[in-house]
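Quick note: the coordinates plus some simple rules give every number you see, no bench work behind them. Just so it is clear, the structure is predicted and the values come from calculations on it, not from any experiment. Virtual Cβ from ideal backbone geometry, glycine too; neighbours counted across all protein chains shown.
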Amino acid sequence: MEDKKAQEASTHRPEGDGRPSLPLDLAAQVEALLFVADEAVTVQRLAEALQEDQAAVEGALSELRERLAGRGLRLQRKGDRVQLVTAPELAPLVERFLGLEHTDTLSPAALETLAIVAYRQPVSRPEIEAIRGVNSDSALRTLLSVGLIEEVGRAPTVGRPILYGTTFDFLQHFGLRSLEELPPLDQSPESGGA
């Protein structure tokens, strides 16, 4: 009985604070907004829509991540943007259901370039080419066209080269919830240390 009262207290707002009283807790409200969002949403935008402070929304996001563990959806995060996505381990099922055929494969050059962008972002084309030792224009165009990388700004150096970073599609494609889940780099001298 006390648990029910505690739950009701956490889901209903006090009268007269100008915000509507809603029957579900903040994590459920965040889930609903992410479900209807057509792209990644900033924590600030969620806080504004929910008329809550960002710390409360961060807490609700943590709770939502725990609730979704072992389910068909995941909370994906890149910086301060979050998105509700299907579990990557269910990709074959979802692709079959939607009638999608996964025939696109990336060349070794594109995969190498993508790895450099993923681990060094934000990174410019000259930096990528210095690491690879070859021209990377074609690989960058391919990765941009399939939506795995995007332009994230300009370097404050001579010529102001474009800086590249990974996208939410990159996280989804590789089944990652955030960039922190990238495997660690092997920095041994034999590997060439990226």
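Of note:
- Per-residue ³J(HN,Hα) for the stretch 146-157, Karplus 6.51 cos²θ - 1.76 cosθ + 1.60, θ = phi - 60°, Hz, x for Gly and Pro: 8, x, 8, 10, 8, 6, 10, x, 10, 6, x, 10
- Here's the picture: a label point sits 7 Å out from the Cα of E150 along the beta-carbon direction, and within the stretch 39-76 the residues with their amide nitrogen under 19 Å of it are 39-47, 75-76.
- Per-q log10 I(q)/I(0), the stretch 108-191, q = 0.15, 0.23, 0.24 Å⁻¹ (Debye; single scatterer per alpha-carbon; no solvent): -0.54, -1.18, -1.26
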